[in-house]
Amino acid sequence: MSATMGRDLRAAHAEVKAEIARTDGKTSLLLAFVGAVLAGAWSVGHDIALGWPARITGGAGMAVLLAAAGLLLRSVRPALGGHGFPLWATLTPDEITAAVSRDLAADIAGLSRLAVSKFSCLRRAVDLTLAGGALLVISALLTVGGAA
């Protein structure tokens, strides 16, 4: 392997790892936001009298937000089989040296699949968060508008 190719592979490896870290950061922020919206909606909705249309749309919004939270938790769930330290914890020092020195391209491919999986979960969770928020807004409008 040439020095340029090795440098390019190391750069690609670092880029994929950085993308995983960025996705995990975005996921944690969105999870905190979804949790705050769920808590706030529950507090507000629990203390006021809601008509059935508002209850149905609000309940659907809460259910969709719970589904988004589930996707977010799935995205950040540790993957204990595969790449990095979980694998290394099972190896001897000689096996670690051999594992680190073998094909970096295979590691990049594996980490890239992990990154795409995390990103896909995050994207679906964002879509669900938007849908759940829209349902909660409709519920609030129904309540303010006095729909019975």
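Could you go through segment 97-114 and let me know if any residue there is within 15 Å of the chain's Cα centre (by Cα) and either closer than 28 Å to T23 by Cβ or of a type outside the set (D, E, K, R) (or both). Before you say what the answer is, go through the steps one by one.
Of all residues in segment 97-114, those within 15 Å of the chain's Cα centre (by Cα) come to 113-114.
Checking the rest, the ones that are also either closer than 28 Å to T23 by Cβ or of a type outside the set (D, E, K, R) (or both) come to 113-114.
Yes: segment 97-114 contains one or more residues that are within 15 Å of the chain's Cα centre (by Cα) and either closer than 28 Å to T23 by Cβ or of a type outside the set (D, E, K, R) (or both).
In this structure, is A49 small (G, A, S), within 24 Å of L141 (Cβ to Cβ) and either at pLDDT below 80 or part of a loop (DSSP other than H, G, I, E, B) (or both)?
Working: small (G, A, S): yes; within 24 Å of L141 (Cβ to Cβ): yes; either at pLDDT below 80 or part of a loop (DSSP other than H, G, I, E, B) (or both): yes.
Yes, satisfied.
Please state which of the following conditions W42 fails to meet, knowing it meets all the rest: (1) crowded, with 16+ Cβ neighbours inside 10 Å; (2) under 20 Å from V137 (Cβ atoms).
Just one mismatch for W42, condition (1).
How many residues are of a type in the set (A, V, I, L, M), in contact with a helix residue (DSSP H, G or I) (Cβ under 6 Å, 6 or more places away or on another chain) and at pLDDT below 75 if we restrict to segment 64-101? Give the steps one after another, and end with the answer.
Keep residues of segment 64-101 that are of a type in the set (A, V, I, L, M), which gives 64-69, 71-73, 76, 79-80, 87, 89, 91, 96, 98-100.
Add one more test, that the residue is in contact with a helix residue (DSSP H, G or I) (Cβ under 6 Å, 6 or more places away or on another chain), and what stays is 64-65, 67-69, 71-72, 76, 80, 96.
Right, trim to at pLDDT below 75 and you get 80, 96.
Within segment 64-101, residues that are of a type in the set (A, V, I, L, M), in contact with a helix residue (DSSP H, G or I) (Cβ under 6 Å, 6 or more places away or on another chain) and at pLDDT below 75 number 2.
Filter segment 10-19 for residues that are touching a residue at least 40 places away in the same chain (Cβ under 8 Å) and closer than 20 Å to D103 by Cα; which is surrounded by the fewest Cβ atoms within 10 Å (Cβ to Cβ)? Full working, then the answer.
Quick first cut of segment 10-19, residues touching a residue at least 40 places away in the same chain (Cβ under 8 Å) only: 10, 12-13, 16-17, 19.
Retained after the next criterion (residues that are closer than 20 Å to D103 by Cα): 10, 12-13, 16-17.
Values: R10: 12, A12: 17, H13: 16, V16: 20, K17: 17.
Looking at the filtered set, the residue picked out is R10.
Within segment 134-144, does at least one residue satisfy the condition of being hydrophobic (A, V, I, L, M, F, W, C) and over 26 Å from A69 (Cβ atoms)? Walk me through it before giving the result.
To start, the set of residues in segment 134-144 that are hydrophobic (A, V, I, L, M, F, W, C) comprises 134-138, 140-142, 144.
Subsequent filtering for residues that are over 26 Å from A69 (Cβ atoms) retains 144.
Yes.
The values are calculated or read from the model by the stated rules, or taken from the named source; none is laboratory data. Quick caveat, the model's predicted, so the values are computed rather than measured. Virtual Cβ from ideal backbone geometry, glycine too; neighbours counted across all protein chains shown.
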